[in-house]
Amino acid sequence: MDQHYDVVIVGGGHGGAQAAASLRQNNFTGTVAVISEEPDPPYERPPLSKEYLAREKPFERILIKPVTYWADRGIEMILGARVTTVDPTAHRVTTAAGAAIGYGTLIWATGGRPRRLSCPGYDLAGIHTVRNRADADGLMAELDGVTCAVVIGGGYIGLEAAAALVKAGKQVTVLEALPRVLARVAGEPLSRFYEAEHRAHGVDMRLGAVVAGIKGRDGRVCGVELADGQVIDCGMVIVGIGIIPAVEPLLAAGAVGSNGVDVDEYSRTSLPDIYAVGDCAAHGNPFADGAPIRLESVQNANDQALVAVRSIIGAPAPYHAVPWFWSNQYDLKLQTVGLSAGHDTALLRGDPAKRAFSIVYLKRGRVVAIDCVNKVADYVQGRALVAAGMAIPEELLVDDTRPLKLLVAEFAD
């Protein structure tokens, strides 16, 4: 065996970086290594489709820690290496280059890879995803020579990319197959607000638009063909249609899972001494009525990493973090706390025309989530409502003159 570490972390994103840093912060003195496919030390992913793509932040400003941080704390960074097999009996991983690395404990924090198009023309030059630095750099390298771009997918990544392209002076078309954008993560009022905002910025927003194929000329994209036969001319396509969890080596080794790898409330997989955290980990979430879900967010990756570390250092504590998310588009800051899926009531708090409002989601009379657009106070104060699942009269929730912190104090059990 070439190398051995007490803890091996596979994946150099937010979850992997948090796990490594937290081990040292909690006085873990064993050997630690992070194995990452990428050549760069850990960096923040959300800015890739926001400030980094818009050239508002250089790469150095999105590093999670200074470059010297890892070596200073005795954390070995094995970069540009992809783990292809896991041997849970021998406690060993093997990389694509053939290096065998032993572990005492393994933390799997690989996230996922972008879901690709499968239609004709999917492999033409000029089709991009935005998942890592190389993706964003490749996109930006072509941007100056492009006038028109098509974004396929109306989720967070697609809309953030569209906003960045508009800032860059491009003509942008967004294609969403569903009847509204953000359909999987937000209620209809928020979807309609963001659709209107993008249209006001000149984006050609197409809903219920099914892509039939990508047209090319001399090996490069020149248009997107829709199911109705219409072709939208463009010089670039950005695809934001979700991710595929990167867990194949774990599943091949016998770990239980399907949509990701299954973990318990301590982030443990079904394999001995192997944890999984972040986008790739399916867990029974208390804010989804215990249903097994994957949460694709920085917050979840960090929280699950802390749960894994606590177990490793002998101070286990179950996962019970309130989910939260954010998205920056134009001058709009969307902050979400909780999970709105399955809600039966959506209450508008404030005036969308003033571009500062919140939507409170209820399920069986209790607050389960809040979307806040340019309403930081509601986001900060509303966390307690969601965490406790408070039952508050609707007329009080929609009263924008009443701070949510007063409702927390009044209706706390």
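Read-outs throughout are calculated quantities, based only on the coordinates presented, and are distinct from any laboratory measurement. Note that the structure is predicted; figures quoted are calculated from it, not measured. No Cβ is skipped: glycine too gets one built from the backbone with ideal geometry, and neighbour counts run over all protein chains shown.
Listed values, structure above:
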| quantity | calculated |
| --- | --- |
| Gain on full stretching of the segment that runs from residue 299 to residue 178 - 0.36 nm per residue minus C-alpha separation | 40.9 nm |
| Top of 281, 71, 209 by mean-square fluctuation, Gaussian network on the chain, Cα under 10 Å | 71 |
| Per-residue ³J(HN,Hα) for the stretch 114-128, Karplus 6.51 cos²θ - 1.76 cosθ + 1.60, θ = phi - 60°, Hz, x for Gly and Pro | x, 6, 9, 5, 10, 7, x, x, 4, 9, 5, 5, x, 9, 10 |
| Full-stretch length increase - residue 215, residue 26 - with 0.36 nm per residue and alpha-carbon distance subtracted | 62.6 nm |
| Kyte-Doolittle mean at least 0.0 and Cα axial length at least 20 Å: DSSP H helices in the chain | 298-312 |
| Proximal lysine pairs, the stretch 256-413, alpha carbons under 18 Å, eight or more residues apart or interchain | 4 |
| Of 58, 242, 157, farthest towards positive along the dipole that unit charges on Lys, Arg, Asp, Glu beta carbons give the chain | 58 |
| Centroid-to-centroid separation of the stretch 220-288 and the stretch 25-87 [C-alpha atoms, Å] | 20 Å |
| In nm, spacing of pseudo-spin labels at residue 97 and residue 258 (7 Å Cα→C-beta vector) | 3.8 nm |
| For peptides 102-108, 9-15, 127-133, sequence by mean Cβ density within 10 Å, most packed first | 9-15, 102-108, 127-133 |
| GNM result for the chain, Cα springs below 10 Å: residue of 246, 308, 227 fluctuating most strongly | 227 |
| All-pairs Cα distance distribution in the chain, expressed in whole percent, bin size 10 Å | 5, 21, 28, 26, 16, 4, 0 |
| Whole-Å distance, taken between Cα centres, linking the stretch 97-174 and the stretch 328-364 | 27 Å |
| Over the stretch 331-378, relative contact order from alpha-carbon pairs under 8 Å, at least 6 apart, % | 42 percent |
| For residue 223, residues with placed amide H under 5 Å, excluding near neighbours | 215, 234 |
